[in-house]
Structure formats: C-alpha cells, structure tokens
Amino acid sequence: MCWLCDFKNPSSDAPETTHRWQARRGFLLAAGAVVATGAAAQVDVGAASGMRKLVPAESLENDARQQYNQVLADARAKNALAPDGHPQLLRLHAIAKRLIPHTLAWNPRARDWRWQVNLIGSKQLNAWCMPGGKIAFYTGILDQLQLDDDEVAMIMGHEMAHALREHARERASKNMATEGLSRIGGAVAASVFGIDPRVTDLIARGGANLLTLKFSRDDETEADLVGLEIAARAGYRPEASVALWKKMLAANGNGGAQWLSTHPSGSNRIHELEANLPKVQHLYEQARHSQN
C-alpha cells in the first residue's frame, strides 16, 4: 500500500507472528474533538488532484473500515493483535494523540474521522493508514529498526498524509477511469499482509483493494513532506525524518527490502527532506516551547 510495504520480511510470504496476544479493544479518537491549527502550510505540495472525485469519499472510507476490521479480526484470530496496555501500543496512541490535531488543515473530512491505531505482531517492516484514519503498525518496524518516538512520528505522519491527501481515492479513481472496476486478486493481499484472500471480495466492488494499492512517486514525496510538517507541528524533531531514511537504507542494504521502481529512492527522499527541514524547524521550536 505504501513505501513501507517494500520492507516486509523477504523470507516469508505471510507475516510471521512475533507475539501471541489476547483479543483487545481498538483505540478510537475522533478528530472532531480537537481544534485545527489554522496556520498556513509550510511545505509546498500543491492542490490535491481533482481526479479523486470520481470515487465518493464516503464510499471509500466505508470500504476501508470494513477491510480494516477484517485485518484486525484476522490478527486477533492469530493472537497477533496487541492488547490494551501493551507498552508499544500505548506509545503509538500517545504519538497519534499529538499528531491528530494537526491533520485537519490538510483535509476537513478528518474532523469526522474515527481514528484507530492498532499494533500487529509481525516481523514485517511495515505500517499503513487507510482512508478515514485506520492505522496499523507492525512490531517488526519498531523492533528491528529500533525507532525512537520522533522516528515513529515521521512514519505515522507520512501514513496519515496518504489518507489526508486522499491518495487511495485518487488511485481508485484513475483505475476506474482507465480500466473500469477491477478485482485485485486475494492472493496478492494474502502474500503481502497475511490476510484471508476472501477479504478482497469486500473491496473489489469499489474498484481496488486498499491493501494492495500502490502510490506514485509524487504521492510518496507529498506524503513525506506533509507528514514531516504534521510531526514538526506536534513537537517531533524534523531531523528524525532523515535519520529514519538512513535506517531504511541500511535495512535495504542488508538485504531486508526490495524497492519498487515507482517509489523514490532513499537517497532522493533524504535530499528532498533535508531541503524542507528549514521550512518546518520553527514549527517544531514553537511546539516545544508551548509544551514546556
């Protein structure tokens, strides 16, 4: 679904569970309960594509909710869904609570989203956010890369940005325009995410499976920059975005990942992020000052 999808464990088609957990309740937070910053964007990503309007946002968000619930159900059945009180899950919740108030400026629909953040026990180096604010992290990316909170915030901000800028909606609209409604094979989703292939039938009627939808180079760059600004406004170090990508490059160099040709290389992403650090540094400093 995203740049992090390329970092799944290459030794196994399905996620290998690293923890076996009991069933738990999902984390929910309504964006409407927080106030938008109202400040002008500092990074320049242009206007969202008008192509996305071919697919109703409500329909895609409803499909995302169904598919997300199925992913959670599958993880729960494998005792791989982190329970309430798990330290890493609490950490993700705390980071999300700081980021969410700064999402509204990027998409007014986020005011009505019921954000969810869950943690799945798997060796995959992966995380994603579906339309409507449905987020999942895999333990592999937290544990194997030894991410600090600032780096986790950069990943979460990036994934949130995909949803806020409606990249999945745009991709689905383009698929509809060029190919018509298509069914993406369940075997693909099963191999990437380890979920029941039958799950894909729920989303096929909407034109694309959200778990296997690939984003363009421009989408990925946009998500990098929007996520960088969201995280900076929440008081997370902008430089962590560069540190994160250096870790990603190291993981790739060690044979831990395969890059897709449609995604910017790690070196290009680092260069783009470094060029934008000065634009958001004052946002970070303001946030830290207000938190002290």
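Observations on the structure shown:
This table checks each residue for (1) surrounded by fewer than 24 Cβ atoms within 10 Å (Cβ to Cβ); (2) within 27 Å of Asn79 (Cα to Cα).
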position	(1), (2)
Arg114	yes, yes
Pro131	no, yes
Asp143	yes, yes
Asp148	yes, yes
Ala163	no, no
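- Any chance Leu147 is within 20 Å of Gln70 (Cβ to Cβ), more than 12 Å from the chain's Cα centre (by Cα) and not in a helix (DSSP H, G or I): no
- In the range 60-80, the qualifying residues are those that are aliphatic (A, V, I, L, M) and in a helix (DSSP H, G or I), and the one that is surrounded by the fewest Cβ atoms within 10 Å (Cβ to Cβ) is Ala77.
- Count - residues of the range 87-138 that are in a loop (DSSP other than H, G, I, E, B) and among the aromatic types (Phe, Trp, Tyr): 1
One line per residue, one yes/no per condition, for (1) farther than 30 Å from Asn276 by Cβ; (2) at pLDDT 90 or above:
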position	(1), (2)
Ser12	yes, no
Thr18	yes, no
Gly32	no, no
Asp74	yes, yes
Leu81	yes, yes
Pro108	no, yes
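- Selection from the range 81-92 of residues that are closer than 27 Å to Arg233 by Cβ and either exposed (fewer than 15 other Cβ atoms within 10 Å of the Cβ) or without any contact (Cβ under 8 Å) to a residue 40 or more places away in the chain (or both): Pro87, Leu90
- Annotation: Ala39 fulfils all but one of (1) among the hydrophobic types (A, V, I, L, M, F, W, C); (2) modelled with pLDDT of 95 or more; (3) more than 20 Å from the chain's Cα centre (by Cα); the unmet one is (2).
- Residue within the range 173-182 that is at pLDDT below 95, outside any loop (DSSP other than H, G, I, E, B) and hydrophobic (A, V, I, L, M, F, W, C) present: yes
- Considering Ile195, Ile155, the condition of being more than 24 Å from Ala234 (Cβ to Cβ) and either at pLDDT 95 or above or β-branched (Val, Ile, Thr) (or both) is satisfied by Ile195 alone.
- Which listed residue is at pLDDT 90 or above, crowded, with 20+ Cβ neighbours inside 10 Å and in a helix (DSSP H, G or I), from Asp224, Asp219: Asp224
- Every condition in (1) surrounded by fewer than 21 Cβ atoms within 10 Å (Cβ to Cβ); (2) at pLDDT below 60 is met by Ala189 except one, and the failing one is (1).
Residue by residue, here is whether (1) small (Gly, Ala, Ser); (2) under 24 Å from Met248 (Cα atoms); (3) exposed (fewer than 15 other Cβ atoms within 10 Å of the Cβ); (4) at pLDDT below 65 holds:
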residue: Trp3; (1), (2), (3), (4): no, yes, no, yes
residue: Phe7; (1), (2), (3), (4): no, yes, no, yes
residue: Arg25; (1), (2), (3), (4): no, no, yes, yes
residue: Gly50; (1), (2), (3), (4): yes, no, yes, no
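The values are calculated or read from the model by the stated rules, or taken from the named source; none is laboratory data. In this text the structure is predicted, and so the values were computed from the model without any measurement. In this analysis, Cβ positions are derived from the backbone assuming ideal geometry, glycine residues included, and neighbour counts consider all displayed protein chains.
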